[in-house]
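Comments concern the structure below.
The values are calculated or read from the model by the stated rules, or taken from the named source; none is laboratory data. Owing to the predicted nature of the structure, the values given are computational and were not obtained by experimental measurement. Cβ placement follows ideal geometry from the backbone for every residue including glycine, while neighbour counts extend to all protein chains displayed.
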């Protein structure tokens, strides 16, 4: 949340590979301060907590040359 402009790239990875199955991408929504927010849900109901470290969320702001990666 709190990024600008309203173009970005966000996805989930497992073991370094981009996931498409079990992923529910949200839409970019405006914040009150002129910035934007986005969420992307990952369905993990069948994954036990000891395997969560294999997953990470990757975010890249439009025009930036680096990714921000957050472990699950």
ask   = How many of the residues in segment 21-64 are free of Cβ contacts under 8 Å to residues at least 12 places away in the same chain, loosely packed, with under 14 Cβ neighbours inside 10 Å and over 17 Å from residue 4 (Cβ atoms)?
value = 7
query = Which ones in segment 15-31 are part of a strand (DSSP E or B) and either closer than 14 Å to residue 72 by Cα or touching a strand residue (DSSP E or B) at 6+ places or on another chain (Cβ under 9 Å) (or both)?
reply = 18, 23, 24, 25, 29, 30
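For (1) assigned to a strand (DSSP E or B); (2) modelled with pLDDT under 90, each residue gets a yes or a no:
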{"position": "33", "(1), (2)": "no, no"}
{"position": "44", "(1), (2)": "no, yes"}
{"position": "47", "(1), (2)": "no, yes"}
{"position": "58", "(1), (2)": "yes, no"}
{"position": "63", "(1), (2)": "no, yes"}
